[in-house]
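All remarks here apply to the structure that follows.
The values are calculated or read from the model by the stated rules, or taken from the named source; none is laboratory data. Remember, it's a predicted structure, so these values are computed and weren't measured experimentally. Methodologically, a virtual Cβ is constructed for each residue, glycine included, from the backbone with ideal geometry; neighbour enumeration extends over all protein chains shown. The protein model used for the area step is the full one, side chains on, heavy atoms only, and it has no ligands, DNA or RNA in it. Shrake-Rupley method; radii C 1.70, N 1.55, O 1.52, S 1.80 Å.
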Amino acid sequence: MATVQNAITIEVLAAQPSAVETDLLIQPVFEGEPLPADDSLVVATAGEISRASTSGEFKGKLYDLFFTPIVDSRWKARRIVLAGLGRRSDYSVDRVRRVASAAGLAAKHRRHERVGMIWTDPRDLEHTSQAIVEGLILADFDAAQYKTDEDRPPRLRGLHIILAADAMYDARKTASAAAERGRITGESCNAARALANEPGNTLTPRVFAERAAALASNAGLAIEVLDERQIAELGMGLFIGVSRGSAEPPRLIVLRHSPPGAPTAPVLGLVGKGITFDSGGISIKPADGMERMKDDMAGGAAVLCAMCAISLLNAPIRVVGVVPTTENMPGGRAIKPGDILRGAAGKTVEVVNTDAEGRLILGDGLWYAQRLGATHLVDVATLTGACVVALGKIASGLFGRPTEWVDVVRRAAEHAGDRMWPMPMFEEYRDQLRSDIADFTNTGGRPAGAITAALFLKEFAGSIPWAHLDIAGTAWAEEPQPYMPRGASGVAVRTLIELAWTSNTWPR
């Protein structure tokens, strides 16, 4: 992922914190518990961390941060930050990830280029080490690439995980391997954020395909890009229909991870919505907030960057990725409400709202992933405002069948730190998609809009296990959080990566 990410040196050390040469030490602390027993930290800060704890200035509440200089010249670090983990009873690995990111963001704004996080608890060291690195790398994301007049903070150059000085070799080896996985995962999330952050005039479908080719080449991932003629020859009438209103031609990005010795089945198929700008088409969106529609390819970016990580990490199963990418514009040749489109699966769709375009291109994408041999499907899309109404900005909607497959995806998301919530798909909702002249309409109206959108996609998922992730509310952070600034979030990348290692739990 080096084409979009700063090169960072990562080390796992078994050492006294005083011996670590870094700009800033991060010391996690649980709420309501005493400071670390090591008196050397108190001495090194001339008692400042004790004073802050005693006075209540620092209580260890979640995301609380207390910075203070290290005055002992024998220490190689010059500053330390106490980072609140909240109550121990609420502990999770995801909290470690988020606290690491919060401390990393604060360090970045203070212009620290090298940080070291102290972690002496030997339990679950593998997952914790990965989470620490992911969090700190996520904090290093730079969204201001088009600013020309701002003194931007420096990028992260060095990262240390500091284990107990007596940590055994095996523990260090485990933590080092996990840290490398955390680096690849974190950089993959940042790559997806960088793509989603690009404006529509710089990331057209053709440029998206070129960027995908560069990322895939760096990751050793096989890629094929189909142009508008090849897309039409496949019979993808839904995809071509959406693209007709734009002067920019569509592209179909196809990615393959086929490691030597991998079994012929299962094959994970990932499909991502790649609308590089969504005006709504003839059913045009309101002007207020339309500039955000540059991120309507966040699902496609998640699939692309997760595929790159899956290749770099050498996941032991076959994975195919499909990203149909186009603009949705109100040109003279654009589809109109009332038009009938025929997809590659042979099903006809009455278009009643041209702003329900993502499900159209995904329908053809799901068909193609099965043609490539997928036995299990996951699609990712900023699909519906209705999902934002239902779940807000906190959780993505999770739909699918059978229940066993949805549970596999949910557990992968929970482990990866992506919040997702299962939603119902009762057959009665499908009545809202009834059409008098086609197989179904492309939208069921406002009631249960996220559910009817998922039921539309289900029509193209065949009979194999399928899950749909609606990330409309989570792909972009409207308000800054302690662990994430405003902007693209990279949601679902970690989930898709994690999923590639769980094939022994998949329903057949």
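Observations on the model:
- Relative contact order of the chain, pairs being alpha-carbon contacts under 8 Å that are 6 or more residues apart, as %: 15 percent
- The stretch 178-241-the stretch 60-92 distance, computed between alpha-carbon centres (Å): 39 Å
- Each principal axis of the Cα cloud of the chain was evaluated for its coordinate range; sorted largest first, these ranges are 79, 50, 41 Å.
- Part-to-part distance (alpha-carbon centres) for the stretch 305-343 and the stretch 457-507, which is given in Å: 15 Å
- Listed by chain and number, the lysines whose alpha-carbon sits under 29 Å from that of Lys59, ignoring those within fewer than 8 places in the same chain, are Lys76, Lys108, Lys393.
- Model label zone, Thr348; criterion: amide N under 13 Å from point 7 Å along Cα-to-beta-carbon; scope the stretch 421-463: 435-441
- With a cut-off of 15 Å between beta carbons, the residues surrounding Val389 carry a summed charge of 0, where Lys and Arg count +1 and Asp and Glu -1.
- Of all beta bridges that DSSP places with both ends in the chain, some 40 percent have antiparallel geometry.
- Thr9-Gln481 FRET efficiency (beta carbon distance; Förster radius 22 Å; 0.05 resolution): 0.20
- Amide H partners (placed H, <5 Å) of Val71, local residues excluded: Thr45, Ala46
- Distance between modelled label sites at Arg51 and Ile340, nm, 7 Å Cα→Cβ extension: 8.0 nm
- Local net charge near Glu57, Cβ-Cβ under 15 Å (Lys/Arg +1, Asp/Glu -1): 0
- Relative intensity of the stretch 384-508 on a log10 scale, I(q)/I(0) at q = 0.13 Å⁻¹, equals -0.57, per a Debye sum over C-alpha point scatterers of equal strength in the absence of solvent.
- The separation of the stretch 123-158 from the stretch 374-422, counted between C-alpha centres, amounts to 26 Å.
- Accessible solvent surface per residue of the chain, calculated while the other protein chains remain in place, 1.4 angstrom probe, Å²: 39 Å²
- Residues of the stretch 118-140 with amide N under 20 Å of a point placed 7 Å along Cα→Cβ from Thr502: 124-132, 134-135
- Portion, in percent, of the accessible area of the chain that falls on carbon or sulfur, probe 1.4 Å: 50 percent
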